[in-house]
Number of protein chains: 2
Amino acid sequence: MPATEPRCLEDFEVGDRIETDAVTVTRDMIRAFAQQYDPQPMHLDEAAAQGTVFGELVGSGWQTLALTMRLLVDARLLGGTPIVGAEFKDMRFHAPMRPGDSLRASAEVLAIRPSKSRPERGFMDLKVTTTNAAGEPLVTQSWRLVVPSRAAAAP
Amino acid sequence: MPATEPRCLEDFEVGDRIETDAVTVTRDMIRAFAQQYDPQPMHLDEAAAQGTVFGELVGSGWQTLALTMRLLVDARLLGGTPIVGAEFKDMRFHAPMRPGDSLRASAEVLAIRPSKSRPERGFMDLKVTTTNAAGEPLVTQSWRLVVPSRAAAAP
């Protein structure tokens, strides 16, 4: 099945795992995101960042999360089916994202649960991990996605 | 105390609440974020969005979260002290963000806990709610922030 075909709940199994390509984070990307969404000294300016607990320019945690989404969208986590979150939770920041870091994400299926009230869909729980080039985790999180079931895909 | 003064753990009390100003979300903002971080049909293009479960163009949930951060940074949630997250959790998406929506955020202090191992800092738990102009919640979440204690601020 080509990755662009829609996938439904029944196409996944607990333990399935997807690995994304990498994206390299630049100083300009960090500054551009910060200016719009998180204008704090440690994300905007090298000199100002030295006076913070980070001691150097680091990316916003929200940008690490947004880039993780981008990686998983590009990897077609659900094939041609849109990735729609019901809940994101337990985001833990293990290390900051630095200029030059090469980010990858992985997602592992933890649970699959058809909806009791709406047979045309269900929920899929994933453990999502974002790592740098050294394989160190930057962020870990849990996603609960809304995924259509085969009943919804039927003509 | 001016809002730009650093604030420390001892300056907050459970039940403290901050309300932000509003930001109006435009179609262009939604598309620009989506192109970089969440390039899916429901966030990129009106016509393509009509074929999705949303039936219209909606903002990425990650953009709603990023804008919430921006509102709280601008509101100087911690005065001049940087907002550093240890953990973000329990993000629930109650309604999508639409072009023209005017977003506000509020944060309420749920718990304050000095660190046992590191007296110079502690943790503050917040309930964060993002609403539209009608006051309907779009996203609710919980934050655990790392906040310096008075011991760290001492000269």
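Read-outs throughout are calculated quantities, based only on the coordinates presented, and are distinct from any laboratory measurement. These numbers come from a predicted model, not from an experiment. Reconstructed Cβ throughout: ideal geometry from the backbone, glycine too, with neighbour counts over all protein chains shown.
Only Lys, Arg, Asp and Glu carry charge here, each on its Cβ (+1 for the first two, -1 for the last two); on that basis region A:9-153 has a dipole of about 460 debye about its Cα centre. As a length-normalised measure over Cα pairs under 8 Å and 6 or more apart, the relative contact order of region B:92-155 settles at 35 percent. When restricted to Cα atoms, region B:12-155 yields an Rg and a Dmax of 17.4, 60 Å, respectively.
Using Cβ contacts closer than 10 Å as the measure, can you line up B:Val147, B:Val73 from fewest to most? Mind showing how you got there, number by number?
On the way: B:Val147 26, B:Val73 20.
Taking fewest neighbouring Cβ atoms as first place, the list is B:Val73, B:Val147.
Short to long, the 20 Å bins of the Cα pair-distance histogram for the protein assembly as shown hold 32, 58, 10, 0 percent of all pairs. Legend: calculated FRET efficiency, A:Glu19 to B:Arg113, from the Cβ-Cβ distance at R0 = 35 Å, rounded to 0.05, equals 0.45. By the count of neighbouring beta-carbon atoms within 10 Å, fewest first, B:Met29, B:Met124 end up ordered B:Met29, B:Met124. For chain A, the longest principal axis of the alpha carbon atoms and the long axis of helix A:27-37 meet at an angle near 70°.
How long are the semi-axes of the ellipsoid equivalent to region B:1-49, from square roots of 5 times the Cα gyration tensor eigenvalues, in whole Å, largest first? Could the numbers behind the result be given before it?
Values: eigenvalues 304, 27, 26 Å².
Its equivalent ellipsoid spans semi-axes of 39, 12, 11 Å.
Across chain A, the relative contact order, built from alpha-carbon pairs under 8 Å that are at least six residues apart, equals 29 percent. Mind jotting down the distance between the C-alpha centroids of region B:34-64 and region A:58-124, whole Å? When both Cα centres are located, 16 Å separates them.
Taking amide H atoms as placed 1.01 Å from N in the peptide plane, the amide H of B:Ala75 has no partner under 5 Å among residues 5 or more positions away or on other chains. Only one residue of A:Ala49, A:Thr131, A:Leu72 has its Cα farthest out toward the positive end of the dipole of region A:9-153, where Lys and Arg carry +1 and Asp and Glu -1 on Cβ, and that residue is A:Leu72.
The H on the amide N of A:Gly122, modeled in the peptide plane, is under 5 Å from the matching H of A:Ser115, A:Val147, A:Ser149, each at least 5 residues off or on a different chain.
By the Stokes-Einstein formula, at 1.002 mPa s and 20 °C, region A:1-97 with its Kirkwood radius over alpha-carbon pairs has D equal to 137 µm²/s.
Nearest-to-axis residue in chain B, judged by Cβ distance to the rotation axis that brings B onto A and given in whole Å, is B:Lys89, 2.
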